[in-house]
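For reference, the structure discussed in these notes is given below.
The values are calculated or read from the model by the stated rules, or taken from the named source; none is laboratory data. Every value quoted in this text rests on a predicted model; they were computed, and no experiment measured them. In this analysis, Cβ positions are derived from the backbone assuming ideal geometry, glycine residues included, and neighbour counts consider all displayed protein chains. Accessible surface is based on the protein model in full, side chains and every heavy atom, while ligands, DNA and RNA are left aside. Shrake-Rupley method; radii C 1.70, N 1.55, O 1.52, S 1.80 Å.
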Amino acid sequence: MSFVSILVEAGEVILITPGQGRFRQSMLWLHTWTGIVFAIVLYFIFITGSIGYFQNEITYWMEPETPLNDKSVEQKDLLNVAEQRLKQVAADSTEWWVDFPIGRQYSLMISWLENSINQDGSNEEIWHEEILDYDTGKPVNVRDTGGGATLYAMHYSLHYLPNIVAYWLVSFCSMFMFVGLITGIIIHKQIFKDFFTFRSAKKQHSWRDLHTVLSVLPLPFHLMMTYSGLLFFVTMSMPSIIGASYGFGDENLDRYYDDVYLEDIVQQDAAGIKATSIDFSDIFSDITKHIGSNNIDYIGIENRGDINAYIEVSKSGYDGLSDSETYIFHGVTGQFQSVVVSNESTSMAKAFYDTLFVLHEGKFSDYSVRWLYFISGLMGAGMIASGMILWATKRRERSNKKGISHQGLINVERLNIGIIVGLPTSIAIYFWLNRLLPKNFEARSDWEINGLFFTWSLLLVYPFLASFKYNTKQIWTHQLMVASLVYGLLPLINYFTTNVHLGITLSNGHWVLAGFDLFMLLCSFVFGLCAVKLSNSPPVVATYNSAIKLNKHEKPLNKIVSKA
Amino acid sequence: MTFIPLFTTFLAFILISLSMKRHFRQLYPMRKIPSLQHLFLFRLFGYLVLFLSIFLFISIQGLGLGLVSFFGVLTLTVLIQVLLFSYRPKWIIVISSVFVFLSIYIFIVSHVVVLHCDNKSCIGV
């Protein structure tokens, strides 16, 4: 009898359509608890990831010494300038590279390899980089900064942790992000009926509606990002797949990579026979015949000074979703040798991986699609933030009715403020420090990031200390006002410390730099608006009184009562 | 020309929202809610226009880029619509009419300009 009833129960669970009954409830439990536990890391990942789409532009802003040169200069002249300088400083070098200010690159940069022999006879390779001012041909001393690249790197390798530890943590959290997405879809009963719904006035439903809107609308984006993000770590998180065919360990992993990744550029080793290398300028007209004018992304020569020297010219732009072609010229004769189309896929699996990789990073995107990625990323961060607030709000309402509240809920409420508002504020402080730290301070790039995390830790602790005097709503308002102030003052600090402030960039049409300052002002406005609206909203129902109101027969429980 | 797919996506979702009673009431508060058949027609046309907008994105930007742009624009336009529905539902009909007009206008102008631009130098569309 009981066996039959167990079967019936099991059948119920299996056969009942997802969306009803215990399946939905357990999915709701999973969604709620994996959501709140992993929220801080996932919020951090979403914010730094969204920032990463504009890392070139952020780095450009953070290196204000980069010359604001005339964009209409021909690449032929730029190449001449670069080559003059290279001949000056790197005459004996075996590798020269010139990056042109095209597309999302904002400076003319040369780099070269210096081979030196150490005292113990070992070979040492040092890379040198210089940003050139193309009016004078002289290098510009740009301040040492992490730039946008460091912010972006934190997206997958966090900071202060060894890389492998960070990758495992991020991969682990991404898995739960994926769980959160799938469970979220399952529990959202009315995904089409409520597609446009956002009940702003109804207190109880508003946070849930906001959370739903911010999840459902960018759902294709979220699913693609999370799945592709997980795939990035697959060789680390699922090593047995490769291990079963190739064996474990680094050597076997290298064999696997050799098989999967075609050698993009034919690597010719130096033959050891000296030969004078041809100048870039000499083959420039030949290059133009192949790729058109002003189309070079970068140009470089390898094995320079040897008979096996070869010149690589990369065409700017994208061919579909992958990089555009690279043209190879002989380094001594200047003869055109071959075209290499990068990222050719060896197999369907690799094509699938490559497609997801390119989609995740959005490398192909010009400004308009990049903004769409950025906005969707911020909506994802908002999804997590609204989820955190929803978690706390729901439990606060329940505990108000019961008259008691757990310390865990209080902690989450206070942590929420520090996480959701504290992280953007600390990122703004990172930009502050970029302007305020002395230019010749050696460890300035390290201390810019240290400042970010130090500020964030202060902002995480502040709500706990301030709760002795202020309630939760007031602390939210405090932090929002601080965020608004910190973002709003940034263009002003820019004005006082550099000469690429809004006054100059707007009037000269340097839209990328102006756009950064304007976006800071927009952030300031949004935070300020939130702060004002929050402080003007009707006061939270006096929970203190209702919290301590007990029925006559109840003894006061020895639990902590919140003042919020 | 590049805005037409964006307008089309917006219009598609407005049509779909009109097929839902709750939103029909928000957009046309004075009218009677149409019958189920008419609501179904709204939804059908909404999806057809949505597929049209996917087609436009792909035909202008290519398959890969077109699909990516479509999903990105979808996110953005529906976000704006959600906000409009909550705070300014009356603006929606006005904005939709403007978009319809603009789409037709831009389309006609761009094709008329193309017709006139044979050998003479013309402004790029």
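One table, with the values for the structure above:
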{"read-out": "Calculated SAXS-style log₁₀ I(q)/I(0) at q = 0.08, 0.10 Å⁻¹ - the protein assembly as shown, Debye, Cα scatterers", "value": "-0.80, -1.21"}
{"read-out": "FRET efficiency, A:VAL461 to A:TRP127 (Cβ-Cβ, R0 25 Å, nearest 0.05)", "value": "0.05"}
{"read-out": "FRET E, pair A:GLU397, A:HIS159, Förster distance 60 Å, beta-carbon r, rounded to 0.05", "value": "0.95"}
{"read-out": "Accessible carbon and sulfur surface of region A:27-124 relative to its total accessible area, %, 1.4 Å", "value": "54"}
{"read-out": "Size of charge dipole - region A:37-154 - debye, nearest 20, with Cβ of Lys, Arg +1 and Asp, Glu -1, no other charges", "value": "460"}
{"read-out": "Selection from B:GLN37, B:THR75, B:MET1, by position along the positive dipole direction of region B:1-90 (Cβ)", "value": "B:GLN37"}
{"read-out": "Contour minus Cα-Cα distance for A:GLN105 and A:PHE441 (0.36 nm per residue)", "value": "118.3 nm"}
{"read-out": "Theoretical gain in end-to-end length, A:GLN335 to A:ASP282 [0.36 nm per residue, Cα-Cα removed]", "value": "18.0 nm"}
{"read-out": "Accessible-area value, A:ILE40, 1.4 Å probe, nucleic acids and ligands omitted, Å²", "value": "60"}
{"read-out": "Residues losing 30 Å² or more accessible surface upon assembly, region A:347-375, compared with the chain by itself, 1.4 Å", "value": "A:PHE364, A:VAL369, A:LEU372, A:ILE375"}
{"read-out": "Net dipole in debye of region A:288-444 [+1 Lys, Arg Cβ; -1 Asp, Glu Cβ; about Cα centre; nearest 20]", "value": "1400"}
{"read-out": "Helix B:89-116 vs. chain B, principal-axis angle (Cα, 0 to 90°, nearest 10)", "value": "20"}
{"read-out": "Within chain A, longest stretch clear of exposed chymotrypsin sites (Phe, Trp or Tyr not before Pro) (DSSP loop, no more than 13 other Cβ within 10 Å)", "value": "A:262-440"}
{"read-out": "Per DSSP, loop GluC sites (Glu not before Pro) in region A:383-471 with at most 13 further Cβ within 10 Å", "value": "A:GLU442"}
{"read-out": "Cross-link pairs beyond the 25 Å C-alpha cut-off, checked among A:LYS402/A:LYS533; A:LYS289/A:LYS363; A:LYS189/A:LYS394; A:LYS71/A:LYS363; A:LYS189/A:LYS402; A:LYS315/A:LYS363", "value": "A:LYS402/A:LYS533; A:LYS289/A:LYS363; A:LYS189/A:LYS402"}
{"read-out": "Principal-axis tilt of helix A:472-497 within chain A, Cα atoms, nearest 10 degrees", "value": "20"}
{"read-out": "Per residue accessible area in Å² of region A:406-485, where ligands, DNA and RNA are left out and the probe is 1.4 Å", "value": "44"}
{"read-out": "Column: log10 I(q)/I(0), Debye, Cα scatterers of region A:124-257, q = 0.22 Å⁻¹", "value": "-1.27"}
{"read-out": "Assigned charges on the beta-carbon of Lys, Arg, Asp, Glu; the protein assembly as shown dipole about Cα centre (debye)", "value": "6740"}
{"read-out": "Translational diffusion of region A:364-478, µm² s⁻¹ [Kirkwood Rh, Cα pairs; Stokes-Einstein; 37 °C; 0.692 mPa s]", "value": "199"}
{"read-out": "Chains A and B, summed buried accessible surface - 1.4 Å probe, Å², nearest 100", "value": "1900"}
{"read-out": "Helix axis angle, A:367-402 relative to chain A longest principal axis, alpha carbon, degrees", "value": "20"}
